[in-house]
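Accompanying notes for the structure given below.
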Amino acid sequence: MWADFNFALLITAPIFFILALGVLFKRIGLVTEDFARIGSDLVFKVTLPCLLFVKLVKTDFLNGLPVALIVYALLATVLLFLVLDRLIAPQLHTSQDRGVFVQGAFRSNMGIIGLAYCLSAFGEGVVTAASIYLAFMTTLFNVLAVITLTRHRGQAVGEKSVRYILQGIVKNPLILAIVAGVFISLANVHIPDILLNTGSYFAQMTLPLALLCAGATIRLQEFQTSRPLYWAVSAKLLIIPLLITAGGVVVGLRGETLGVLYLMCAAPTAAASYPMAQAMNANHHLAAAIIAATSIGSLLSTTLGIFLLRQLGLI
């Protein structure tokens, strides 16, 4: 039992400490809001795409693609989204809270926290499966987020919303890097070592910088006492990971594949949910509170989840 708990703790504790250092550095002035904003942009637009691209161009995509993982994750996410959007969200009294609640409950911070969890748990060998998962699910998350935020504003998903979705997908640096890496690998195009080595230096910056900036952006004053916040946090940290992981066990996922599924869906709410809620005139204050609460709470819930999966011999 202690070995399983130690394994779980070794995954989440380093991430917790770097996030905590981000909070500390912000409080003592070593990291400023501008640094956190620029650093996050650098991670999203440069270093994380470099990490994904460098790993993917070296991958053999003709063998061992996680097809079962991707198909199951897509279907399970859509099903749970429909339950959240159609059955639970209408129970909230304020229409501006409904889409934010739905988005906060299902949309994970996979590119930073989720990927950090996976690398911490299984090492660099898991990057291929995690990257392919990231590409498909990021696309789906963008589509579903726009749908729920638009629908609960009392509008149909019209041409403007569809254009917003397509722009978000086409301009997403992570998706572009993944598509480029997969294409170059399949086309067997030779990339000079000097470019790969340069990209690797950028890649090595990704997780420490991303986690520091994520910690620096956590604002405890954004917590608010409200039923939508409690519902969203409970769904994001407990109910959604439990249901999706249990379904993964039923369909036969085990080992690293099940681990990637759990760690990606157990990650806190994506930071991108805040600007999207703000842009679509939803309750962005609630979105900020959900991000802050799940960022802190996921460290505890993920440790417990990994411990239980190890105890059951599933990963």
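Every number here is computed from the coordinates shown, using simple stated rules; none is lab data. Here the structure is a predicted model, which is why all the values come from computation and not from measurement. Positions of Cβ are backbone-derived with ideal geometry, glycine not excepted, and every protein chain shown enters the neighbour counts.
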* To do: Mind sorting Trp2, Trp231 by how few other Cβ atoms lie within 10 Å of their own Cβ, fewest first?
  => Trp2, Trp231
* Cα-centre dipole for the chain with unit charges at Cβ (Lys and Arg positive, Asp and Glu negative), debye to 20 -> 600
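Once you keep just the Cα pairs under 8 angstrom separated by 6 or more residues, what percentage relative contact order results for the chain?
Relative contact order for the chain comes out at 35 percent.
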* To do: Find the Cα radius of gyration of the stretch 1-88, compare it with 2.2 N^0.38 Å by division, and give the number to two decimals.
  => 1.61
* Fully extended, how many nm does the chain gain between Ile184 and Ser234 (0.36 nm per residue separation, minus their Cα-Cα distance)? -> 13.9 nm
* To do: Just tell me which lysines come within less than 18 Å, Cα to Cα, of Lys45; anything on the same chain fewer than 8 places away is out.
  => Lys55, Lys171
* Asked: Under 5 Å between amide H atoms, partner at least 5 residues away or on a different chain: which partners does Ser108 have, H built in plane at 1.01 Å?
  -> Ala270
* Structure fact -> Checking rank on 281-292, 68-79, with mean other Cβ inside 10 Å and highest first, the result is 281-292, 68-79
* Cα gyration tensor shape of the chain, rounded if a/c is under 1.5, else prolate or oblate by comparing a/b with b/c -> rounded
* Asked: For the stretch 84-91, in order, what is each residue's ³J(HN,Hα) by Karplus, 6.51 cos²θ - 1.76 cosθ + 1.60 with θ = phi - 60°, in whole Hz (x at glycine and Pro)?
  -> 5, 6, 9, 9, 8, 4, x, 6
* **Percentage relative contact order, the stretch 201-315, counting C-alpha pairs under 8 Å, at least six apart** => 34
* List the DSSP H helices in the chain whose Cα atoms stretch 20 Å or more along the helix axis and whose mean Kyte-Doolittle hydropathy is at least 1.6. => 67-82, 173-187
* Set of aspartates and glutamates near Lys236 by C-alpha distance (under 17 Å), chain-local residues within fewer than 8 positions excluded -> Asp85, Asp97
* Only helical DSSP H runs with n ≥ 4 go in: add -39500 (n - 2.57) per run for the chain, normalise by residue count and round the 222 nm mean residue ellipticity to 500 deg cm²/dmol. => -23000 deg cm²/dmol
